[in-house]
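Colleague: First the structure, then my questions, so here it is.
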Amino acid sequence: MKRSSMAIAGAVLLSSAAYSSTVLAADIYVPEPEVIVEPAPISYAPAPVKHGFGSWYIRGDVSYALKNEVGDIEYITYGPGGGVTAPGTGGFDTKDLDETYDVGVGIGANIGKYFRAELGVDYLFKSEFRGSTSGICGGAVACTSDDKSEVSIITAMANAYVDLGTYHGITPYVGGGIGGAYVKWDKLINDDGTVVVEHEGNSEWRFAWQLMAGASYCLTENLEADIGYRYLDIEGGRMFEYAASGGTGTGPGYDDGFQIHEVKAGLRYNFGGANPRCETAYLPPAPLPPAPPPIYK
């Protein structure tokens, strides 16, 4: 009987211990894992580019006049005749102008994306002139004289250009202009081997026109490099005056104008916004990389 009571008591104790363990396990708090979410990246739309339509620009360039031609040169004679230079007119047998250089500046406006208007000034450095004339010299002897002078030219032109589209930063163009040319002839020295005669050179404004073609290349959104060709045509005018020493009475002389061919290189800078020919095309931003997975602590 005693053993039976002890067995019952042990069973009760074991049952109580098991129940206590179950209650304690249920009362323990297990927190949820913390989730850290990375903030979504912020993207910004590009600032709008201010177009350069209607903006101003300046240019500067240097040119090489590789072919200069002067038209026919004629002069008036006042000789007494009779075996000496007769009254009338004469002309140069030969004439040649050396190559020279040119510097120019201009200010213009972009009228839309394809048109430009400009005022430009160019200075052609002195070019040496050499020619020859034939006639009657002292003692009624036929002779040929050598003639030398120099000429410099300033042009002031109103120009218009058409840009033919931009391809990989290169913009071909054509243009034309009208205006005036200030032609300055130095003294003409006439040497027939026996006597040297000087004629004072003449300076005057003349009508001129020009044609241009070339291409520009975008260096930045505002700066372009420019290479091109210019054909310049200047009307004829007075070249030299009556001989200072009298002589047989020759002068004044007249040239029939100039035809000048130039190649040029220069820079053009645009003010007031990005150059319409050099704006970078808008490219949408690259897609953002996927967000990293959340980190659990």
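The values are calculated or read from the model by the stated rules, or taken from the named source; none is laboratory data. All of these numbers come straight from a predicted model, not from anything done at the bench. Every residue, glycine as well, gets a Cβ built from its backbone with ideal geometry; the counts of neighbours run over all protein chains shown.
Colleague: With the checklist (1) at pLDDT below 95; (2) in contact with a strand residue (DSSP E or B) (Cβ under 6 Å, 6 or more places away or on another chain); (3) of a type outside the set (D, E, K, R); (4) within 24 Å of residue 59 (Cα to Cα) in hand, flag the one item residue 117 doesn't pass.
Modeller: (1)
Colleague: For segment 181-209, enumerate the residues that are more than 28 Å from residue 259 (Cβ to Cβ) and touching a residue at least 24 places away in the same chain (Cβ under 8 Å).
Modeller: So in segment 181-209, the residues more than 28 Å from residue 259 (Cβ to Cβ) come out as 192-197.
Correct list: 192, 193, 194, 195, 197.
Colleague: Take the residues in segment 98-130 that are aromatic (Phe, Trp, Tyr), surrounded by 14 or more Cβ atoms within 10 Å (Cβ to Cβ) and within 16 Å of residue 185 (Cα to Cα); name whichever of them is farthest from the chain's Cα centre (by Cα).
Modeller: Residue satisfying both the conditions and the ranking: 129.
Colleague: Among the residues of segment 158-186, write down those that are farther than 18 Å from residue 124 by Cα, among the aromatic types (Phe, Trp, Tyr) and modelled with pLDDT of 95 or more.
Modeller: 161, 173, listed by residue number.
Colleague: Would it be correct to say that residue 101 is of a type in the set (Ser, Thr, Tyr) and modelled with pLDDT of 95 or more?
Modeller: Values: of a type in the set (Ser, Thr, Tyr): yes; modelled with pLDDT of 95 or more: yes.
Judged against the criteria, residue 101 is a match.
Colleague: Could we say that residue 227 is of a type in the set (Val, Ile, Thr), within 24 Å of the chain's Cα centre (by Cα), closer than 24 Å to residue 102 by Cβ and surrounded by 16 or more Cβ atoms within 10 Å (Cβ to Cβ) here? So that I can check it myself, show each step before the final result.
Modeller: Details: of a type in the set (Val, Ile, Thr): yes; within 24 Å of the chain's Cα centre (by Cα): yes; closer than 24 Å to residue 102 by Cβ: yes; surrounded by 16 or more Cβ atoms within 10 Å (Cβ to Cβ): no.
So residue 227 does not fit the description; no.
Colleague: Please find, among 239, 212, the residue that is outside any loop (DSSP other than H, G, I, E, B) and touching a residue at least 60 places away in the same chain (Cβ under 8 Å). Steps first, please.
Modeller: Working: 212 fails: touching a residue at least 60 places away in the same chain (Cβ under 8 Å).
After ruling out the rest, the residue left standing is 239.
Colleague: In addition: Just checking, which of 260, 189 is at pLDDT 95 or above and in a strand (DSSP E or B)? Even if it seems obvious, please write down each step before you answer.
Modeller: Values: 189 fails: at pLDDT 95 or above.
Answer to the selection: 260.
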